[in-house]
1. Rounded to a whole number of µm²/s, how large is the Stokes-Einstein D of region 153-347 at 4 °C and 1.567 mPa s, given Rh as the Kirkwood radius over C-alpha pairs?
2. Taking the Cα atoms only, what angle lies between the long axis of helix 101-113 and the longest principal axis of the chain, rounded to 10 degrees?
3. Once a ≥ b ≥ c are taken as the square roots of the eigenvalues of the Cα gyration tensor of region 181-247, is the result rounded (a/c under 1.5), prolate (a/b larger than b/c) or oblate (a/b not larger than b/c)?
4. Taking neighbour counts of Cβ atoms within 10 Å as a proxy for exposure, in what order, fewest first, do 308, 47 appear?
5. If you average the alpha carbon positions of region 133-189 and of region 271-317, how far apart do those two centres end up, in angstrom?
6. Using Cα atoms only, what is the angle between the long axis of helix 59-79 and the major principal axis of the chain, expressed in degrees (0 to 90) to the nearest 10?
7. Going by alpha carbons, how many degrees (0 to 90, nearest 10) lie between the helix axis of 212-222 and the longest principal axis of the chain?
8. If you place +1 on the Cβ of every Lys and Arg, -1 on the Cβ of every Asp and Glu, and leave all else neutral, what size is the dipole of region 76-211 about its Cα centre, to the nearest 20 Debye?
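Throughout, read-outs are computed from the coordinates displayed, never taken from laboratory work. Here the structure is a predicted model, which means the values were calculated and not measured. We place every Cβ from the backbone using ideal geometry, glycine too, and count neighbours over all the protein chains shown.
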Amino acid sequence: MPVIALSEAELASHPAFEGHEEVVRIEDEATGLAGYIAIHDTTLGPSLGGCRVWRYADEGAALEDVLRLSRGMTYKNALAGLNLGGGKAVIILAPGAPKTPALFQAFGAAIEELAGRYITAEDVGTTPADMADVARATKHVRGTPASGVADPSPYTALGVFHGILAAVEYRFGSSSLEGIRVAVQGLGHVGWHLAEKLHEAGADLLVSDIDAKALARAEEAWGALAVPVAEIHAAPVDLFAPCALGAGLNAITIPQIRAAIVAGAANNQLAESDDAGRLRERGILYAPDYAINAGGVVALALAGAGRSQTEMRDKVEAIGATLAAIFALAAEEKTTTAAIADRLAEERLTAVKRRSQAA
Ligand code: NAD
């Protein structure tokens, strides 16, 4: 299985490469496998991060994506208190090419060559069944149907829900969601579970999705009000929960937000780092994305270590306490919640590096 380390020159030309320990190109002509595995940082343990399958416009877009996502996993795993580093994989699907069991088995063989430095799981475009195919070739995989946590999204939703409780308590002085108006953008795996929990807790829901059937189901199930896709971020609500794609918080959308809180599951919500400052200037409380959406990876990690359901739930629910601490520190230090989350993750990494150097 060809696993080709990228040259220093190839990587140096890529700004997102900074700080990565290892990046390999994976390819297998027989199965059509092509893509990258990026290992950003293994200070805390082997790198864990999902495999994204996407029809990328070109090689550069795929490399950019894997580098950005693997770095994000280092921060997510560190802040969640996991003894895991950050890594990620992307598979480039050619136009018209199908996903096949052989493709994922070849991907598993590539992971096996990295000898446990990278552990894979689901991400956008992959399923528990795909992970079962990966598992034919390597044990360094989580989220298979037999693993205890086949679908991490209910745990991600549980973590986001507890993050929302912490944010509502911080902003409004009570964690009751009775009568709180929430705009949920995206009713997919995570958004649907989250909306269900919010409804059960008494919140009034406004929802948007590009899938009209999902909207009809939400109207029927919870009396949710459907809002056009282009308007959901500006809905007159208390809390906006982005649960669709990234980069939804930007110089254009932030001035239009009417919610007091932004707290949702989507990865990479800020289009650029200045957007954290834009939210703060407007007095909007922002729950940093990788802090609030870590429930899925927490569950995958603990299931992989043979921990009980109770331990998993407790650690996922602790995301609420992590966010409460981030909100308080950001206010005390007059800085953004995103800056505090980054600092807490970096402090944990630095402390562990110092201890291992001293040993
Ligand atoms: P998903 O693909 O199941 O759901 C996404 C939903 O968003 C779909 O229903 C889609 O129709 C909808 N959508 C797409 N474009 C939209 C738009 N412009 N406006 C409104 N809706 C739109 O994905 P998911 O697993 O639910 O993940 C949602 C987000 O959370 C992603 O950003 C993902 O990276 C992040 N996330 C997911 C997990 C997890 O456990 N699944 C963990 C961490 C982070």
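1. Details: Rh = 16.5 Å.
The Stokes-Einstein estimate is 78 µm²/s.
2. Taking Cα atoms only, the helix is inclined about 70 degrees.
3. It is rounded, given that a/c, with a ≥ b ≥ c, falls under 1.5.
4. 308, 47
5. One Cα centre to the other: 9 Å.
6. Helix 59-79 sits at roughly 60 degrees to that axis.
7. 50
8. Computed about the Cα centre, the dipole is about 460 debye.
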